[in-house]
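Derivation of every value follows stated rules applied to the coordinates shown; laboratory data play no part. No experiment lies behind these values; they were computed from the predicted model shown. Note: ideal-geometry Cβ built from the backbone for every residue, glycine included; neighbour counts use all protein chains shown.
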Amino acid sequence: MTRLRRFAASARQVRLRRFATARQAPVGSFAVAVLTVVAVLIGGGAELLACPNCYLAEETSMIDGTKLGIVAMLAVTFAVQGGFLGFFVYLRRRARRIADVELDIEWSELQRGSRAS
């Protein structure tokens with residue numbers, strides 16, 4: 001029986017070691033990915049970062065429309081994020097207000113109890 005327990009314990013240790021090494025692997029791959037991105041950005045130059053329509057193009061209506069589209073997408077994104085932020089601020093204020101009301105109710109009940117004694 002003792003022998004089986006030792007085997008179970010050692011098997012559990014092997015599984016834990018495998019789990020620990022598996023969890024460390026993505027950190028190394030993340031570092032490789034970051035280094036690859038940095039190398040591409042440094043070595044790629046401006047041609048890599050610009051689209052074929054915009055790179056060294058004249059100021060045309062297509063470029064202006066692209067810029068306006070980017071501004072519109074940013075405006076929508078910030079409006080949605082602002083809505084989320086406003087909602088969470090509202091929830092926080094409401095929770096504080098409810099906590100204050102509950103504290104006032106509890107305090108008044110405690111004061112009534114002390115007067116009755």
Q | Distance in nm between pseudo-label sites at Ser29 and Gln81 (7 Å out along the Cβ direction from Cα) | A | 2.9
Q) On average over all directions, what projected area in square nanometres does the range 61-117 have, based on the convex hull of its Cα atoms? A) 3.6
Q. How big is the charge dipole of the range 61-117 about its Cα centre, in debye rounded to the nearest 20, if each Lys and Arg gets +1 on its Cβ and each Asp and Glu gets -1 on its Cβ?
A. 40
**Q.** Per-residue Cβ neighbour rank within 10 angstrom, fewest leading, Ile98, Ile63
**A.** Ile98, Ile63
